[in-house]
Structures are given as structure tokens and as C-alpha cells.
Amino acid sequence: MTPMKKIHSKKVYRAAVIGLGGMGQRADDAYYMTVIQPYAHANTYVAHPRTELVAGSDKMPDRREEFRKRHGLDAVYEDFREMLEKERPEIVSIAARQVDHASIVVPVAESGLVKAIYCEKPMAASLTEADAMLEACRRHHVVLQVNHQRRGDSVYRRWQKLIADGGIGTVHHLSMRWSRGRFCTAGTHYFDCANMFAGLQPEWAQAWFGNPVDADPGGLALFRYSNGVRLIADCTLDISHLFEFQVVGSKGKLVRYNCEGDWEWWTADERKESQGTWVRRQPPVDYPVQSPMLTMVDDLIDAIEAGREPPSSGDAARKALEMIIALHVSNRQDGARVRFPITDRQLRIESY
Ligand SMILES: NC(=O)c1ccc[n+]([C@@H]2O[C@H](COP(=O)([O-])OP(=O)(O)OC[C@H]3O[C@@H](n4cnc5c(N)ncnc54)[C@H](O)[C@@H]3O)[C@@H](O)[C@H]2O)c1
């Protein structure tokens, strides 16, 4: 991946990646129909005009060797603490698996050496872990961003503006379906995306699991938000299509499908003779399209320099995790209605 020439006078941040597997360095090797590259963390820091990839860390020697060859960097370490000490990165990505996130984020924040952490999703395996990650970052003034990259997606950002401009009236209903179940490893993306449009907190949740014995089951989930918005999610294993999402308001709706490759905007037909029918509108094309990962790094740098939370903050990611945990609590109580905040902060959901 050829780096864009850094032809500006702005500060360039030293960036490093812990976890040199799929998301850390390999994700751009495969071609995903609807993913705008760069997608891998290392390639994103190479491509972004305000970051320089300076180091990496992985426990596995073959992954370190692979990184060395890909990026021509010798600053590759088995122990991430040694990497922090010697290479002093300001921005650190954590692309290890969910169960390892807390055990890396907390010491990286406590090192006092970094300005920002860009952690993969799902945020953690329990709310206790998520609380500890947030607390460590807050105590050491480290910006924490979690890779729910739909927050950096050009279309969803355009939807937020369209909705703010009254393009579908007041949002009342959200619905989504996806294949292959996985309320945790997939749901974390989609519930966080729902929260971009629901506006406030979920008030309660109810769930039915279609494949309860699996490590990361799916099924049917219902959430009601404190502003009255409802979210219905169905990822029962007989759903065969890729992610589809609808945001329905009082005067229109937005629909995205084909794994987010296509989208539509419908509004109420104001003409008298329409008898309440809705018409399909031409979606706006007035927005820049770039890799969501590059936009997420824009957000991270903006958060560092403006001293504020990025849109895909640790707090937002913890809410998505809390929604997942709520579904497990509800399923264990035969689909009972579970109210937020969730009290069982030890409950662990180990997914991918
Ligand atoms: N955002 C997305 O679209 C997306 C897509 C796929 C996966 N993911 C998430 O990315 C994360 C990683 O998934 P993956 O497929 O890249 O996993 P992977 O197993 O390919 O890579 C993880 C790497 O982390 C390394 N690692 C673990 N603990 C470490 C430590 N303490 N120090 C250094 N290295 C360590 C492992 O050795 C491994 O090489 C998961 O949480 C997954 O859910 C996100």
C-alpha cells in the first residue's frame, strides 16, 4: 500500500499495532466486496497523512516476521511493554482477540506513554473488564476508541445529517437482520450502529436464542429506548442474507442492504391523492467516500487535539456490550424483560 505523500505541516503521530493477525495486518490481503480499503490497522497508519507506522507487537514469531517483511520495520516486539518503552508510539491499535483486550488496554493506558488507544471490537468479555479499560484510560488521559467502524462510514454519517435535517421526521423504529447469528461478535457492530440513530439509552431488552448452545448465539432481540424508539434484531440462523438495516421515522425511512452495498430513502408522498403512500427519493450523493478506518483515525486525532471523546468512544462501545449482556441475561430468564443498567457486571461472553 503506497503511503500518501505527507505534504502538510501538521503533526504526524507515531503509531503502532499490538496483535498482527487478521485485523492487525492481513485484512487487506482479501478482497471484501463492500469494504473500502485500507481495512487493516497497520495499512491504515501507513495510508493516513497524519500517522506514521513505527512498530508492531505480536506473541507469535511468524506474525512478527511477516510484519517486518510487509513494512520493512525492525521495530517488532514479542512484548508490547518493551515496544512502548523503546518506540514511544503516541497512538496504539489493539487488534488482539476480544478476551485479550482488557489485559492489553489497561497496561498500555497505565504506561503513561500513549495519547490514544484504538481497540478492536467487541470491546471486552464482561462489563467489569470494560469498566476497568475506561477507568484506566480516564485516569491517564488516554483517548479510547473502539473499532465500530460504521461510526466512520460515509453513508451512515450522511444518514445522521439527513435525519438531523428532518429527512424522515422523528425516528421511531429500527430493525435489522443478519446471517450466521453471533449477537456478540457481529451484534456489537450493529447495536452500536443502531445507537447512532436511536438517540438515547436502551431502557429494557428481551431475547430468544435460536442456537443457545453455541459460544456466540443468535436469535431474536427486542430493545426499547427511553425516548420510545424500538429496535428489533433478528439473526436467527435461518436468516440467509447479509446485514440489512432500516431506520423508520414519522415521515420516511432509510434502508441499507446487500451488506451495506446499497441504500434507499423513502418519504411520505405529500400530495393529497397519495393516500399515505411513500415514494422513493434520490439519495443524496453530496458526501465524500473514504475508508471508514481512515475516518476513524481522523476522529482519533481530532479527539486528541480537541480533548474530547471520539464518536466511537469506549463509552459507546460499553453500551453495545451492555446490550449484548442484557440479551444473555434475558435468555437465561426465558426471555424475561431485562432493565438497564445491567447489574451483573461479571457475566462473561467470550466470542471472537
Ligand atoms: N472491525 C472489524 O471489522 C473486524 C473484523 C474482523 C475481526 N475483528 C476483531 O478483531 C480482533 C482480532 O481478530 P483477528 O481476526 O485479527 O485475530 P487474530 O487471531 O488473527 O490476531 C490476533 C493476534 O493478536 C496476537 N496477540 C494476542 N495477545 C497478544 C499480546 N498480549 N501481545 C501481542 N500480541 C498478542 C495473537 O498472537 C494474534 O496474532 C477480534 O476482536 C475480532 O472480533 C474486527
Subject >> Scope segment 109-123; condition out of contact with any His (no Cβ under 6 Å at 6 or more places or on another chain) and open to solvent by less than 30 Å² (accessible area, probe 1.4 Å); matching residues >> reply: Val114, Ala116, Ile117, Tyr118, Glu120, Pro122, Met123
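Matching residues to (1) surrounded by 15 or more Cβ atoms within 10 Å (Cβ to Cβ); (2) farther than 26 Å from Gly167 by Cβ; (3) touching a residue at least 12 places away in the same chain (Cβ under 8 Å):
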{"site": "Ala268", "(1), (2), (3)": "yes, no, yes"}
{"site": "Val297", "(1), (2), (3)": "yes, yes, yes"}
{"site": "Ala306", "(1), (2), (3)": "no, yes, no"}
{"site": "Phe340", "(1), (2), (3)": "yes, yes, yes"}
{"site": "Thr343", "(1), (2), (3)": "no, yes, no"}
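Identify all residues within segment 103-129 that are within 11 Å of the ligand (Cβ to nearest atom) and either hydrophobic (A, V, I, L, M, F, W, C) or not assigned by TED's automatic domain parsing to the domain that holds Asp298 (or both); write none if there are none.
Ile104, Val105, Val108, Cys119, Met123, Ala124, Ala125
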Original post:
more than 21 Å from the chain's Cα centre (by Cα), open to solvent by less than 40 Å² (accessible area, probe 1.4 Å) and not aliphatic (A, V, I, L, M) - does that describe any residue in segment 176-187?
Top reply: no
Original post:
Among the listed residues Tyr39, Tyr77, Tyr45, which satisfies the condition of being away from the ligand (no atom under 14 Å from the Cβ), hydroxyl-bearing (Ser, Thr, Tyr) and on the phi < 0 side of the Ramachandran plot?
Top reply: Tyr45
Original post:
Exactly one of (1) part of a helix (DSSP H, G or I); (2) open to solvent by 30 Å² or more (accessible area, probe 1.4 Å); (3) more than 9 Å from the ligand (Cβ to nearest atom); (4) in contact with a His (Cβ under 9 Å, 6 or more places away or on another chain) is unmet by Met23. Its number?
Top reply: (3)
Original post:
Across segment 31-87, what is the total count of residues that are open to solvent by 80 Å² or more (accessible area, probe 1.4 Å) and either polar (S, T, N, Q) or within 24 Å of Gly152 (Cα to Cα) (or both)?
Top reply: 5
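The values are calculated or read from the model by the stated rules, or taken from the named source; none is laboratory data. As the structure is a prediction and not an experimental result, all values here were calculated from the model. Every residue, glycine among them, receives a Cβ derived from its backbone with ideal geometry; neighbour counts consider all protein chains shown. Quick note on the areas: whole protein, heavy atoms, side chains included, nothing else; ligands and nucleic acids left out. Shrake-Rupley method; radii C 1.70, N 1.55, O 1.52, S 1.80 Å.
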